[in-house]
Structures are given as structure tokens and as C-alpha cells.
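Novice: So that we are looking at the same thing, I have put the structure below in C-alpha cells.
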């Protein structure tokens, strides 16, 4: 694998891009184990957290599977070609992807209300509690929702969509952090979705999720999406 030294912005994303390129061009084959975090840290000359975050990005795209105690392994291309990188080069691409998310996640909320377990409820509740952490907490909330459906395909799709929209969503959370009224609205929406799912209210979960996604879409559009 041809390693380039990382020198500028968003270090973890640059590491992820280089690893992704190596996977796509076949330098790292399906089933092959990535080098350890320590080894990648040395080769890229970055911190361990940057490497871990990069691996998390690839995991979100379905390109690697992380096995505790063993490491990260490259997934079958049929998996990441379906759920992996989608080049978001302009506002139209982001709009299209968010439209897909809206269609999916309303149904996800309904299924979560039917199938949720205590583990997913606890994860949602914890993400709500950590709302001030920004995009990361929001990501955990929505992934916990998808996991509550007990449908691995939906989870992978949500992970991929969220990772591909990461920059737009981070910008959105900057707006949220700077506006107490908006932050309170988002927090209240998350709580109402949680309550509907907790109470197995499928209709309520659908409606609350639809309201939430429409509200966030307005924020994204205001930010130039």
C-alpha cells in the first residue's frame, strides 16, 4: 500500500480516504486484515484517535468489519459497493441523499416502535442526554433507532447515509449550537420520538420522525444545502 504522509485538514478523513482508495483499487483485498492502529499511526504519522476515527468511517460505509480483539477486516466488495461511498460533490447530491433518508427513517421509526428492546432504548436515551456533543450524539441516536428494527440492512444504510452526509450535518449542528431555540427544538423532537418508540406508538413515531426530518431539512437548506 502506497502511504502518503498526512499534513493538513481533517486528518481522520484523509486517513480514511487513503485506506478507502487502497481497498477500492485492490491493494487491500476482501478478507484481509488492516494493519494495527499502532502500525497505521506510524505510517500515516498521525495520532491514534485519527486512525480509530478513520476506521470508524470505513465501518460506517460497510467497507470494513471490526472484530473485537482481532482488528478490522475488509468486507466483501458486494457489501461496500452497495452501502459504501457516494460522491457528494454538490448540493443536489446532498438533497437527493437526504430525500432517501427521509423515506427510510420514517419507516424505521415505525419498525423501531414495534421491535425496540431495552438496549436500544437505553442507547437512544443516552444519546439524548449527551445532545450537547453535537453530531456524534445525533448519529448515535439515529443509529440506535435503526438497530431497534433488528434489520442489519437498514442499519448499514443509515450508517452509510449518515457518514456521507457528515459534513453537511456537522454544519447543521454548528447552527444548532449557536441557537438555543433551535437546540431546544431538536432536543424536544428527539425526546418525543423516543417516547413514541418507548410506548410502542407506531403512528406517533412516524409522525414525530417526519416532523423532525422536515425541521432538519429546513436547517440544511438555510445552510446552503
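The values are calculated or read from the model by the stated rules, or taken from the named source; none is laboratory data. The structure displayed is predicted, hence computed values, not measured ones. So basically every Cβ, Gly included, is an ideal-geometry build from the backbone, and we count neighbours across all protein chains shown.
Novice: Can you pull out the residues in region 68-110 that are on the phi > 0 side of the Ramachandran plot and either modelled with pLDDT of 90 or more or crowded, with 16+ Cβ neighbours inside 10 Å (or both)? Give the steps one after another, and end with the answer.
Specialist: Keep residues of region 68-110 that are on the phi > 0 side of the Ramachandran plot, which gives 69, 71.
Of everything in region 68-110, just one residue is on the phi > 0 side of the Ramachandran plot and either modelled with pLDDT of 90 or more or crowded, with 16+ Cβ neighbours inside 10 Å (or both), namely 71.
Novice: Next question, about the same structure. Please tell me if residue 136 is free of Cβ contacts under 8 Å to residues at least 40 places away in the same chain and assigned to a helix (DSSP H, G or I).
Specialist: Working: free of Cβ contacts under 8 Å to residues at least 40 places away in the same chain: yes; assigned to a helix (DSSP H, G or I): yes.
The answer is yes for residue 136.
Novice: In region 185-202, which residues are part of a helix (DSSP H, G or I), more than 20 Å from the chain's Cα centre (by Cα) and touching a residue at least 24 places away in the same chain (Cβ under 8 Å)?
Specialist: Taking region 185-202 first, the residues part of a helix (DSSP H, G or I) are 185-198, 202.
Then drop every residue that is not more than 20 Å from the chain's Cα centre (by Cα), which leaves 185, 188, 192, 195-198, 202.
185, 196, 197, 198, 202, listed by residue number.
Novice: Something else: Could you please give the count of residues in region 203-225 that are surrounded by 17 or more Cβ atoms within 10 Å (Cβ to Cβ) and either more than 19 Å from the chain's Cα centre (by Cα) or not in a helix (DSSP H, G or I) (or both)?
Specialist: Here is the first cut: in region 203-225, the ones surrounded by 17 or more Cβ atoms within 10 Å (Cβ to Cβ) are 204-209, 212-213, 216-217, 219-220, 225.
Within this subset, residues satisfying the condition of being either more than 19 Å from the chain's Cα centre (by Cα) or not in a helix (DSSP H, G or I) (or both) are 204-208, 225.
Going through region 203-225 one residue at a time, the tally reaches 6.
Novice: Here's another thing I want to ask about it. Would you be able to say whether some residue in region 180-188 is modelled with pLDDT under 90, on the phi > 0 side of the Ramachandran plot and assigned by TED's automatic domain parsing to the domain that holds residue 97?
Specialist: No, region 180-188 contains no residue that is modelled with pLDDT under 90, on the phi > 0 side of the Ramachandran plot and assigned by TED's automatic domain parsing to the domain that holds residue 97.
Novice: Take residue 30 and tell me if it is at pLDDT 85 or above and outside any helix (DSSP H, G or I). Break it down into steps so the answer makes sense when it comes.
Specialist: Details: at pLDDT 85 or above: yes; outside any helix (DSSP H, G or I): yes.
Yes.
Novice: Please work out if residue 165 is touching a residue at least 24 places away in the same chain (Cβ under 8 Å) and over 23 Å from residue 121 (Cα atoms).
Specialist: On the way: touching a residue at least 24 places away in the same chain (Cβ under 8 Å): yes; over 23 Å from residue 121 (Cα atoms): yes.
Here the answer is yes, as residue 165 does meet what is asked.
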